[in-house]
Amino acid sequence: MPTYDYRCDANGQVVEVRHSMSERLTTWAELCKLAGLEPGSTSPDAPVERLITGGQVVRRTSLGDRAVPPCASGPCCGGGSCGFE
């Protein structure tokens, strides 16, 4: 399941949750329930908006050997598109 970031304008918090692509969260209460958070003093009806993100990022610490694999095309390219010409 993909992860999504939601922002609540009422309290300024950004929360990351996992849910199906077809599911839409619209309130702080829905977001808190899915994330396992207490709503605190924020109104449960406060609107939330899904943020546009660049997708999931693989972190170096999630790799088994904790080492970044070498670039297949030699020294790292400056354009960030290693292996593509």
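Structure values in brief
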item: Which listed residue, of 31, 37, is at pLDDT 95 or above and part of a helix (DSSP H, G or I); result: 31
item: Selected residue [at pLDDT 95 or above and within 18 Å of the chain's Cα centre (by Cα)] from 26, 42; result: 26
item: Residue count for the stretch 9-24, restricted to those that are part of a strand (DSSP E or B) and of a type in the set (A, V, I, L, M, F, W, C); result: 3
item: Every pair of residues 6+ apart whose Cβ atoms lie under 7 Å, when the first sits in the stretch 25-53 and is touching a residue at least 40 places away in the same chain (Cβ under 8 Å) while the second is in a loop (DSSP other than H, G, I, E, B); result: 48/25; 48/26
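The values are calculated or read from the model by the stated rules, or taken from the named source; none is laboratory data. This is a predicted model, so every value here is computed, not measured. Every residue, glycine among them, receives a Cβ derived from its backbone with ideal geometry; neighbour counts consider all protein chains shown.
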